[in-house]
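The values are calculated or read from the model by the stated rules, or taken from the named source; none is laboratory data. Everything numeric in this text was worked out from a predicted model, so none of it was measured. Every residue, glycine as well, gets a Cβ built from its backbone with ideal geometry; the counts of neighbours run over all protein chains shown. Note: areas computed on protein heavy atoms with side chains; ligands, DNA, RNA excluded. Shrake-Rupley method; radii C 1.70, N 1.55, O 1.52, S 1.80 Å.
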Amino acid sequence: MTEILEKSLQLIENMKNNAVLVVGDIMLDRFVYGHVERISPESPVPVLTIDRETSMPGGAGNALTNLRGLEMRGIVLSVTGDDENGKALRQTLDGMGIGTEGLLAVSDRPTIMKTRFLAGHQQLLRTDYEKKINISKATEDALLKKAKEILPQVKAVILSDYGKGLLTKDLIKGIIDLAKKAGVPVLVDPKGFDYSIYKGASAVTPNKKELSEATLGMPTNTDEEVIAAARKLIETCGIDAVVATRSKDGMSIVQKDKVTHLKGADIEVFDVSGAGDTVIATVAAGLAAGGDLVEAAQLANIAGGIVVTKVGTAPIRAVELQDALRGDKQRSARKAHICTWDEAREEVMRWKARGLKVGFTNGCFDILHFGHVSYLNDARDQCDRLIVGLNSDASVKILKGEGRPVHDEQSRATVLGALGSVDMVVLFGAQKAGDDNTANDLIAQIQPDLYFKGGDYKVEQIPEAPGVMAYGGKVMVMPVQEGHSTTSSIAKSKTKAA
């Protein structure tokens, strides 16, 4: 292992012990999912029958979500309205382990909420509920007071400017001045054309287009052009450094006495939304963990390359960075990846974006036998990708009793993942008797196109069927090989042993 690789892996490990303050426009992103079966008789528009709703932090919340994915502690300094959406947003952030001691509820503006209405994966409409006005002087003072209390806890500050009125000139200057006195670097995800308002910041992170606009149209296509535009910003705006993201061309870090170009990865890009939040969060995390700007940017360059292969605004995770640095080939076709629920959802969204049909089945698979293999092969023939939901050890014990499972969950998952018919394995199940021991929650998270159940069942007898059909999925009952079961395999082994 090279010294650079060791340093990068150590930085990721060090992130767990540090905190970053995110100052910016926090929002509630709401997603309303449904299906369309008809056109309205009142007007030529589709009628969306709503199946479910989800919500998550948006705006500056994207940077906080990325910090959480990197296993860092994020603290937010922002405002919400004194309303139900504000309470819901605070509750969501608290549940994610994000510090909300700097989140103030104010009466002169509503909580910013963006609602997206989707039929399947097609967005039909977005509504924005917001009031674009600068915060009051009293709110500025209250936020600066909170910042002074929080700064001793953090190793870096992110200013996440979405132009909604939180980051006024006076608040920006006050935060930067306080951070400099505390010896804490300030990174800016900028908005607008006038970067002089960020004077004193450690770095700004514009993309090529933003860098050109901020320098009155200077070209930013070549290395030399990016350097010239960045130098112009540094000289005229009083910023220490520019970290310019350049899409497929990677990233350029321009400092007063040093320039570093980082190459982009040759990858299939699905969605660039949220990539800027990932980059600035990873740079901040790298600095907070003890790295210099170039070392932090190297991690951010890798992180940005990972998140653009995801669909939608999805955060980076520490394990993904570690795997990328090590050149982990665990996702090869010969060995299915054992995913968390969030990872599974992201992978399913990528598959569906390619037009692939995704199938799902679940079970204990304690002692893998001929019947299992035949069933999984038959299921895989019906779809392009097959996910196996695997009951956890606690779940199997509840279902099968003492003495089961014979093999622990990691062993069972590894054996399943080695089958050519299986593309992903995800653990699920109850932890104690009385809890829901079905795969319903997991299915709701990943929404496969097909749900397979092996045996002599009617669809109405399958507990997962209503949830699958609610979002438009299809339930398929598959035949199984008679005379082959885990119970009979255990009985045979005991008979032979006797």
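Observations, loosely collected:
- For residue 80, residues with placed amide H under 5 Å, excluding near neighbours: 104, 105, 106
- Computed accessible area, residue 326, all protein chains, 1.4 angstrom probe, square angstrom: 140 Å²
- With the convex hull drawn around the C-alpha atoms of the chain, the volume per residue stands at 183 Å³.
- For the range 131-237, the set of chymotrypsin sites (Phe, Trp or Tyr not before Pro) satisfying both a DSSP loop assignment and a count of at most 13 other C-beta atoms within 10 Å is given as 193.
- Expressed to the nearest 5 percent, the antiparallel share of DSSP beta bridges inside the chain is 35 percent.
- In Å², nearest 10: area of residue 94 left accessible to a 1.4 Å probe: 80 Å²
- Using Cβ point charges alone (K and R +1, D and E -1), the dipole size of the range 137-265 about the Cα centre works out to roughly 320 debye.
- Pairs beyond 18 Å (Cα-Cα), from 148/173; 114/146; 155/263; 137/191; 191/256: 114/146; 155/263; 137/191; 191/256
- Cα centre as origin, Lys/Arg/Asp/Glu Cβ charges: the chain dipole, Debye: 300 debye
- Relative frequency of Cα-Cα separations exceeding 19 Å in the range 1-64, percent: 64 percent
- Surface share of carbon and sulfur [accessible, 1.4 angstrom probe, percent] for the range 60-211: 50 percent
- Dipole of the chain [Lys/Arg +1, Asp/Glu -1 at C-beta], most positive-end residue of 5, 138, 158: 5
- With a simple spin-label model that places each label point 7 Å from the Cα along the Cα-to-Cβ direction, the separation between residue 256 and residue 460 comes to 7.7 nm.
- Distance in nm between pseudo-label sites at residue 209 and residue 53 (7 Å out along the Cβ direction from Cα): 3.1 nm
- Largest-first ordering by accessible area, 1.4 Å probe, given options 341, 351: 341, 351
- Calculated FRET value between residue 444 and residue 134, using beta carbons and R₀ = 51 Å, to 0.05: 0.80
- Given a 1.4 Å probe and the protein chains as shown, residue 35 ends up with an accessible area of around 50 Å².
- Relative contact order (percent, whole number), the range 112-248, Cα cutoff 8 Å, 6+ residue spacing: 18 percent
- In a DSSP loop and with at most 15 other Cβ atoms within 10 Å, the GluC sites (Glu not before Pro) in the range 441-484 are 482.
- Loop-located GluC sites (Glu not before Pro) across the range 338-429 with a Cβ neighbour count of 11 or fewer within 10 Å are 402, with loop assigned by DSSP.
- Straightening the chain between residue 319 and residue 340 buys 6.4 nm, computed as 0.36 nm per residue apart minus the Cα-Cα spacing.
- Rounded to 10°, Cα long-axis angle of helix 60-69 versus longest principal axis of the chain: 50 degrees
- Helical mean residue ellipticity (222 nm; -39500 (n - 2.57) per DSSP H run of 4+; nearest 500) of the chain: -11500 deg cm²/dmol
- Positive-end ranking of 34, 206, 185 along the dipole of the chain, with charges on Cβ about the Cα centre, is headed by 185.
- Of the residues 417, 65, 281, the one whose Cα sits farthest toward the positive end of the charge dipole of the chain, with +1 on the Cβ of Lys and Arg and -1 on the Cβ of Asp and Glu, is 417.
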